[in-house]
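**Student:** The structure follows.
The values are calculated or read from the model by the stated rules, or taken from the named source; none is laboratory data. Quick caveat, the model's predicted, so the values are computed rather than measured. Please note: Cβ atoms are built from the backbone with ideal geometry, for glycine as well, and neighbour counts cover all protein chains shown.
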Amino acid sequence: MNTEVSSPDSNAAWPADAIEVGRIGEAWGIKGWVKVLSYSADPQALFRAKRWFLKASEDRKSLPKPGWVLPASLQITQVREHGDGIVASIDGVIDRNGAEALRGARIFTSRAEFPSPKADEYYWIDLIGLQVVNTQGEDLGTVIGLIDTGPHSVLRVMPAGLVEPIKPDEERLIPFVAAYVGEVSLEQRRITVDWGLDY
């Protein structure tokens, strides 16, 4: 995949629906390209976005040179798959030194850049915060995260009445599969499951 991206507004504001989608890796080549680590196996948000918004890595110990400031956003001129990874060309970054200066930066894009999921598919970010009830109408709690087990995902549910942080043995783990999940309503912010309070 090779995606050309048009120039966005240079005064783009941080999107209200920003989602972290990846990180900038090491420089690729000598012409300012960078390797990109995507957090998704299907990184379409990275390919679709005209601009990436940045935050410094939490473990960034020092800046590459005195006075250097990480830009708030980058205008992306080209993104493409390369081998089993992704590489990108950035407007204004013309050499390896410029690319290395961005290494470790966290990449955010607008949620609106995400492609629409297929029927019965959901982005994890859309499930977090939803109320979980069982078929008897009992409140099982709130989704606080998911676990990827390979074959399927597992909902991490914080029982009603508790607040984060909670201990691992306090959360409910519910497989996110049709055998247990009946209905997901993003509009009503609710997931209905076939799961007992005492499971």
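Listed here are the residues, each with its yes/no results for (1) out of contact with any Phe, Trp or Tyr (no Cβ under 6 Å at 6 or more places or on another chain); (2) outside any strand (DSSP E or B); (3) aromatic (F, W, Y).
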| site | (1), (2), (3) |
| --- | --- |
| E20 | no, no, no |
| G25 | yes, no, no |
| A41 | yes, yes, no |
| F47 | yes, yes, yes |
| F53 | no, no, yes |
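**Student:** Here's a follow-up. Checking I191 against (1) assigned to a helix (DSSP H, G or I); (2) surrounded by 14 or more Cβ atoms within 10 Å (Cβ to Cβ), only one condition comes out false. Which one?
**Tutor:** Of (1) assigned to a helix (DSSP H, G or I); (2) surrounded by 14 or more Cβ atoms within 10 Å (Cβ to Cβ), only one is false for I191: (1).
**Student:** Another question, if that's okay. Mind counting the residues in region 119-143 that are at negative phi and over 15 Å from the mean Cα position of the chain (by Cα)?
**Tutor:** 14
**Student:** Could you tell me whether V154 is touching a residue at least 24 places away in the same chain (Cβ under 8 Å), under 17 Å from Y199 (Cβ atoms) and among the aliphatic types (A, V, I, L, M)?
**Tutor:** no
**Student:** I need the full set of residues from region 19-45 which are at pLDDT below 90 and aliphatic (A, V, I, L, M), in order please.
**Tutor:** Listed by number, the residues that qualify are A41, A45.
**Student:** So V177 fits all but one of (1) in a loop (DSSP other than H, G, I, E, B); (2) free of Cβ contacts under 8 Å to residues at least 24 places away in the same chain; what number is the exception?
**Tutor:** So the condition that V177 fails would be (2).
**Student:** Can you find even one residue in region 101-117 that is in contact with a helix residue (DSSP H, G or I) (Cβ under 7 Å, 6 or more places away or on another chain) and acidic (D, E)?
**Tutor:** yes
**Student:** Among V184, V157, V132, V143, which is the only one that is in contact with an Asp or Glu (Cβ under 7 Å, 6 or more places away or on another chain), surrounded by 14 or more Cβ atoms within 10 Å (Cβ to Cβ) and either modelled with pLDDT of 95 or more or part of a loop (DSSP other than H, G, I, E, B) (or both)?
**Tutor:** Going through V184, V157, V132, V143 in turn, the sole match is V157.
**Student:** In region 105-122, which residues are crowded, with 16+ Cβ neighbours inside 10 Å and within 21 Å of V177 (Cβ to Cβ)?
**Tutor:** Y122
**Student:** Just the residues that are at pLDDT 50 or above, aliphatic (A, V, I, L, M) and either buried (at least 17 other Cβ atoms within 10 Å of the Cβ) or assigned to a loop (DSSP other than H, G, I, E, B) (or both), please, taken from region 2-18.
**Tutor:** Matches in region 2-18: A12, A13, A16.
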